[in-house]
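Taking it in order: structure first as structure tokens, then the write-up.
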């Protein structure tokens with residue numbers, strides 16, 4: 001039969017101390033484990049959960065596109081020869097000294113403004129019976145002048161004649177003129193109000209460049 005042997009007080013104290021130390025270590029490890037677990041499982045509150053709105057970074061202002069500059073109004077187009085009414089007035093001014101003048105009028109029949117400038121592309125006197133050009137024209141005269149023609153407005157060119165009778169020349173009679181405005185290729189046949197006598201040579205008339213000023 002096993003007989004219980006009483007422990008000595010010193011031995012009991014050693015075992016009790018060892019037991020307490022072991023429990024302390026277990027408690028310490030359990031506590032640390034709980035702290036670590038708690039730190040890992042605890043979420044950091046988001047700014048919205050605190051009830052305060054976090055300041056969002058200010059958005060960059062959108063680039064301002066400058067308003068397009070107003071374009072300058074387009075310049076008037078050159079007058080279309082087909083949209084010009086052409087007439088010739090017979091001797092509107094007579095110098096009485098061997099010279100007389102006729103005036104060519106160009107009237108804009110368009111619905112918008114156009115411009116004319118420079119010498120006429122074509123101007124010849126002719127005999128309507130034969131269609132032949134007669135008379136020799138001297139060099140055109142005048143200075144560049146850009147004329148803006150509003151609808152219904154007119155520009156002018158002057159025909160300056162000298163008296164063919166003052167020359168010993170072969171003469172011819174013209175009753176029509178072939179006329180083309182500046183920079184226009186096709187001519188218009190205009191009947192003269194009064195036939196004119198011209199020399200085939202030397203030249204006995206010339207034509208001025210377009211002008212905004214009428215002889216009248």
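Check the range 188-200 and report whether any residue there is within 35 Å of the chain's Cα centre (by Cα) and either within 18 Å of residue 86 (Cα to Cα) or without any contact (Cβ under 8 Å) to a residue 12 or more places away in the chain (or both). Before you say what the answer is, go through the steps one by one.
The first filter runs over the range 188-200 and keeps only residues within 35 Å of the chain's Cα centre (by Cα), leaving 188.
Among the residues that remain, those that are also either within 18 Å of residue 86 (Cα to Cα) or without any contact (Cβ under 8 Å) to a residue 12 or more places away in the chain (or both) are: 188.
Yes - at least one qualifying residue is present in the range 188-200.
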Item to check | Test set (1) closer than 19 Å to residue 82 by Cβ; (2) part of a loop (DSSP other than H, G, I, E, B); (3) within 30 Å of the chain's Cα centre (by Cα) - residue 115 fails condition number | outcome: (2)
Checklist entry - How about the range 141-204: which strands (runs of 3 or more DSSP E) wholly inside it have at least 3 residues that are surrounded by fewer than 17 Cβ atoms within 10 Å (Cβ to Cβ)? => result 170-180, 188-201
Item to check | Failed item, numbered, when residue 101 is tested on (1) closer than 20 Å to residue 187 by Cβ; (2) more than 33 Å from the chain's Cα centre (by Cα); (3) not in a loop (DSSP other than H, G, I, E, B) | outcome: (1)
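On the given criteria, is residue 138 exposed (fewer than 15 other Cβ atoms within 10 Å of the Cβ) and farther than 30 Å from residue 197 by Cα? Full working, then the answer.
Working: exposed (fewer than 15 other Cβ atoms within 10 Å of the Cβ): yes; farther than 30 Å from residue 197 by Cα: no.
When the stated conditions are applied, residue 138 does not pass them.
Quick note: the coordinates plus some simple rules give every number you see, no bench work behind them. Quantities reported herein were computed from a predicted structural model and do not represent experimental measurements. Cβ: placed from backbone, ideal geometry, glycine included. Neighbour counts: every protein chain shown.
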